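First comes the structure, then the notes that go with it.
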Amino acid sequence: MAKYMLIMRGTDESYANFEKADFNEMLEIMGKFNDELIRSGVLLAAEGLDDPKEGVVVDFTGDTPVVTDGPYGETKELFGGYYILDVASKQEAIEWAKRAPMTAGTKTEIRRVPSIDEFPQDNEWIQKERAWREQTGQV
């Protein structure tokens, strides 16, 4: 099994469609999909994110970090939420992503989440992180 993150990226079209959607209907549809993920045993985490206008960006392109209040960037640079799934393959993650009830225009980026086991186990910082993960039940 491997972890994959499904990152939901909005577009101008999907944000416009979202504004038109019935919120309670959307909750029902998403709730059913989330329940299917839970019942299948693949869902590890899922969160939606607040409006980009409420966020900030810390930009490290200069000599010192610069903080900019949202909204920032272009719509295509934003993401509205994510799922983390524990599945057998990238193909299985793709199949789940294709079934997600997203607003028309939404794009989903799929990225594998490396395991701590893939890092040098003799590194002091990896050992400390592994101890923390073990304490918190993540490993």
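Residue-wise, which Karplus ³J(HN,Hα) couplings in Hz belong to region 118-129, taking 6.51 cos²θ - 1.76 cosθ + 1.60, θ = phi - 60°, and x for glycine or proline?
Working through the residues one at a time gives 7, 9, x, 6, 8, 7, 4, 6, 5, 4, 5, 5 Hz.
Please provide three numbers in whole Å: the alpha-carbon extents of the chain along the principal axes, with the largest listed first.
53, 47, 25
Once the piece of chain linking Ile116 and Asp59 is laid out straight, how much longer is it, given 0.36 nm per residue of separation minus the C-alpha distance between them? Working shown, then result.
Details: separation 57, 0.36 × 57 = 20.52 nm, distance 2.74 nm.
Separation in residues times 0.36 nm, less the Cα-Cα distance, equals 17.8 nm.
Need one value: the accessible area of Lys90 in square angstrom, 1.4 angstrom probe, rounded to the nearest 10.
The value for Lys90 is about 120 Å².
Considering only C-alpha atoms, what is the centroid distance from region 59-135 to region 15-45, in Å?
Cα centroid of region 59-135 versus Cα centroid of region 15-45: 19 Å apart.
Can you give me the distance in nm between label points at Ile126 and Thr68, each placed 7 Å from the Cα along the Cα-to-Cβ direction?
That separation, rounded to one decimal, is 3.6 nm.
What figure in square angstrom, to the nearest 10, would you give for the accessible area of Arg9 with a 1.4 Å probe?
60
Looking at region 24-123, which chymotrypsin sites (Phe, Trp or Tyr not before Pro) are DSSP coil and have at most 16 other C-beta atoms within 10 Å of their C-beta? Let's see the in-between values first.
Values: sites: Phe33, Phe60, Tyr72, Phe79, Tyr82, Tyr83, Trp96; in loops: Phe60, Tyr72.
Sparse-neighbourhood loop chymotrypsin sites (Phe, Trp or Tyr not before Pro): Phe60, Tyr72.
So what does Thr108 come to for accessible area, using a 1.4 Å probe and Å² rounded to 10?
Thr108 exposes around 50 Å² with every protein chain in place.
Cut-off 10 angstrom, C-alpha nodes, Gaussian network model of the chain. Which of Lys107, Lys128, Lys32 fluctuates the most?
It is Lys128.
Run the accessible area of the chain with a 1.4 Å probe and give the carbon-and-sulfur part as a rounded percent. Walk me through the numbers on the way to the answer.
Numbers: 5100 of 9860 Å².
Accessible surface attributable to carbon and sulfur in the chain totals 52 percent.
Report relative contact order for region 54-139 in percent, whole number only (criteria: Cα-Cα under 8 Å, sequence separation at least 6). Write down the numbers at each step before the final one.
Details: 40 pairs, mean separation 11.3, N = 86.
Computed over region 54-139, the figure is 13 percent.
Give me the accessible area per residue for region 1-77, probe 1.4 Å, as a whole number in Å².
Numbers: 5700 Å² over 77 residues.
Averaged over the residues of region 1-77, the accessible area is 74 Å².
What's the extension gain from Leu44 to Ala100 if we count 0.36 nm per residue and subtract their Cα-Cα distance? It would help to have the intermediate numbers written out before the result.
Numbers: separation 56, 0.36 × 56 = 20.16 nm, distance 1.57 nm.
Value of the extension gain: 18.6 nm.
The values are calculated or read from the model by the stated rules, or taken from the named source; none is laboratory data. It should be emphasised that the depicted structure is a prediction, and the values quoted were computed from it without experimental measurement. Neighbour counts are summed over all protein chains in view; Cβ atoms, including those assigned to glycine, are modelled from backbone coordinates with ideal geometry. Note: accessible area is taken over every heavy atom of the protein model, side chains too, but ligands, DNA and RNA are not part of it. Shrake-Rupley method; radii C 1.70, N 1.55, O 1.52, S 1.80 Å.
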